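The values are calculated or read from the model by the stated rules, or taken from the named source; none is laboratory data. Here the structure is a predicted model, which means the values were calculated and not measured. For neighbour counting, all protein chains shown are included, and Cβ atoms are generated from backbone atoms with ideal geometry for every residue, glycine included. SASA here: full protein model, heavy atoms, side chains in, ligands and nucleic acids out. Shrake-Rupley method; radii C 1.70, N 1.55, O 1.52, S 1.80 Å.
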Amino acid sequence: MDGTASTRQTRRSPSDAPGATGAGDGIRCKWASVVTAMVAGTLVLGGCAAAPAASGPATAPTPPAGQPQQVTVFAAASLTAAFTEIAELDPNLDVTLNFDGSPTLVDQIKGGAPADVLATADEANMAKATEAGMVAPAPTIFATNSGVLIVPKGNPAQVTGVDPSLDGTRLVVCAPAVPCGATALEIAEAAGVTLKPVSEEQKVTDVRGKVSSGEADAGIVFATDAKAAGDAVETIAVDPEKKLATRYPMAIVTDAPHAEAARAFIDLVLSDRGQAVLASYGFGTP
């Protein structure tokens, strides 16, 4: 703008020649004043346009009428099949699913991963999330499960149960912090057996995968995982009193980006349709 003002001031009439006095000087002064005012006004307006908007809590935009609401669900790996089917029940919800071991999910949310709903395979990991203020309000129990022993089809290691027949086998279980691992330890303690696994996995689906592929001789998983494996594994009966059922809680994540849709998803899981899907995969009622 300074360049523009200078250029216009050099375009003078003959009466404004150097050394001349009178009206020409007045014209030049008035023109300079106008240009200066224009420059100042432009800077002020530019400053207003560049001023940052007031900061505040981030909120998810409301989807246009007729479009499904987005919701992100972090769920235990044992819920993979059931929740994938439940997510398709309501066309008004656009569900993004993230499956992993329960302690891993809690760590992910604690680390800032965006989630609306947390569903764990035990109450211990949900309690950690609750105590850390990561979920609110109080969790709701929506399903139950129980631990079972599985072996590859044909049972090549001739395992007979959670007993000394497991000694010397390639036994695979979940890590103790993972719900299926805690259940395995409880089953072993109730049976008076010390487990000697060759590996401890972070997800129950990894235990199931190693047994169904024949990479492991036996594994302790949830009843739902044994059912999901189909004919690839055989289930060896565990004393009903030693199955030690675990309860599955679910809660809305604190400051969830899509709290309304989160509530709708939880209601869907608790509905007759949602419970019917869970039962079809072997889950027990709350």
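Of these, Val159, Val172, Val151, which one is assigned to a loop (DSSP other than H, G, I, E, B) and closer than 20 Å to Ser212 by Cβ? Let's see the steps before the verdict.
Details: Val172 fails: assigned to a loop (DSSP other than H, G, I, E, B); Val151 fails: assigned to a loop (DSSP other than H, G, I, E, B).
Answer to the check: Val159.
May I ask you to say which residue of Ala256, Ala226, Ala251, Ala261 is open to solvent by less than 30 Å² (accessible area, probe 1.4 Å) and in a loop (DSSP other than H, G, I, E, B)?
On the way: Ala226 fails: in a loop (DSSP other than H, G, I, E, B); Ala251 fails: in a loop (DSSP other than H, G, I, E, B); Ala261 fails: in a loop (DSSP other than H, G, I, E, B).
Going through Ala256, Ala226, Ala251, Ala261 in turn, the sole match is Ala256.
Filter segment 100-116 for residues that are under 29 Å from Ala229 (Cα atoms) and open to solvent by 50 Å² or more (accessible area, probe 1.4 Å) and give the result.
Selection gives Asp107, Gln108.
It is to be established whether one or more residues within segment 178-191 are open to solvent by 10 Å² or more (accessible area, probe 1.4 Å) and outside any helix (DSSP H, G or I).
No, segment 178-191 contains no residue that is open to solvent by 10 Å² or more (accessible area, probe 1.4 Å) and outside any helix (DSSP H, G or I).
Between Glu201, Glu186, Glu241, which is over 20 Å from Ala127 (Cα atoms) and either at pLDDT below 95 or of a type in the set (A, V, I, L, M, F, W, C) (or both)? If you could, list the steps in order and put the result at the bottom.
Numbers: Glu201 fails: either at pLDDT below 95 or of a type in the set (A, V, I, L, M, F, W, C) (or both); Glu186 fails: over 20 Å from Ala127 (Cα atoms).
That would be Glu241, the only listed residue that is over 20 Å from Ala127 (Cα atoms) and either at pLDDT below 95 or of a type in the set (A, V, I, L, M, F, W, C) (or both).
Going by what's in this entry, would Thr144 be described as closer than 30 Å to Asp272 by Cα, of a type in the set (Ser, Thr, Tyr) and assigned to a helix (DSSP H, G or I)?
Working: closer than 30 Å to Asp272 by Cα: yes; of a type in the set (Ser, Thr, Tyr): yes; assigned to a helix (DSSP H, G or I): no.
So Thr144 fails the test.
How about segment 229-248: which of its residues are part of a strand (DSSP E or B) and either basic (Lys, Arg) or more than 16 Å from Gln158 (Cα to Cα) (or both)? Outline the logic, then answer.
Here is the first cut: in segment 229-248, the ones part of a strand (DSSP E or B) are 233-236, 246-248.
Hits for segment 229-248 are Thr246, Arg247, Tyr248.
Any residue in segment 197-214 that is under 21 Å from Ser165 (Cβ atoms) and without any contact (Cβ under 8 Å) to a residue 40 or more places away in the chain sitting within a Cβ distance under 7 Å of a residue that is of a type outside the set (S, T, N, Q) and part of a helix (DSSP H, G or I)? List the pairs, counting only those 6 or more apart or interchain.
Filtered contacts from segment 197-214: Glu200/Gly181; Val207/Cys180.
Out of everything in segment 84-124 that is part of a helix (DSSP H, G or I) and in contact (Cβ under 8 Å) with a residue 40 or more places away in the chain, what residue ends up being nearest to Thr144 (Cα to Cα)?
Taking segment 84-124 as the starting set, the residues that turn out to be part of a helix (DSSP H, G or I) are 84-86, 102-110, 123-124.
Subset that is in contact (Cβ under 8 Å) with a residue 40 or more places away in the chain: 85-86, 102-104, 109, 123-124.
Details: Glu85: 18, Ile86: 16, Ser102: 15, Pro103: 18, Thr104: 20, Ile109: 23, Glu123: 11, Ala124: 14 Å.
Per the criteria, the residue is Glu123.
Please go through segment 192-217 and pick out each residue that is surrounded by fewer than 17 Cβ atoms within 10 Å (Cβ to Cβ) and charged (D, E, K, R).
Taking segment 192-217 as the starting set, the residues that turn out to be surrounded by fewer than 17 Cβ atoms within 10 Å (Cβ to Cβ) are 192-194, 196, 198-199, 213-215.
Lys196, Glu215, listed by residue number.
How about segment 229-248: which of its residues are out of contact with any helix residue (DSSP H, G or I) (no Cβ under 7 Å at 6 or more places or on another chain) and open to solvent by less than 60 Å² (accessible area, probe 1.4 Å)?
Answer for segment 229-248, where residues must be out of contact with any helix residue (DSSP H, G or I) (no Cβ under 7 Å at 6 or more places or on another chain) and open to solvent by less than 60 Å² (accessible area, probe 1.4 Å): Gly230, Ile236, Tyr248.
Give the number of residues within segment 145-164 that are open to solvent by 30 Å² or more (accessible area, probe 1.4 Å) and touching a residue at least 60 places away in the same chain (Cβ under 8 Å). Break it down into steps so the answer makes sense when it comes.
Filtering segment 145-164 down to residues open to solvent by 30 Å² or more (accessible area, probe 1.4 Å) leaves 153-154, 156-158, 160, 163-164.
Retained after the next criterion (residues that are touching a residue at least 60 places away in the same chain (Cβ under 8 Å)): 153-154, 156-157, 160.
Selection size over segment 145-164: 5.
So if I check each of Ala138, Ala119, which one is in contact with a strand residue (DSSP E or B) (Cβ under 8 Å, 6 or more places away or on another chain), hydrophobic (A, V, I, L, M, F, W, C), open to solvent by 60 Å² or more (accessible area, probe 1.4 Å) and within 30 Å of Ala276 (Cα to Cα)?
Just a single option satisfies the conditions, and that option is Ala138.
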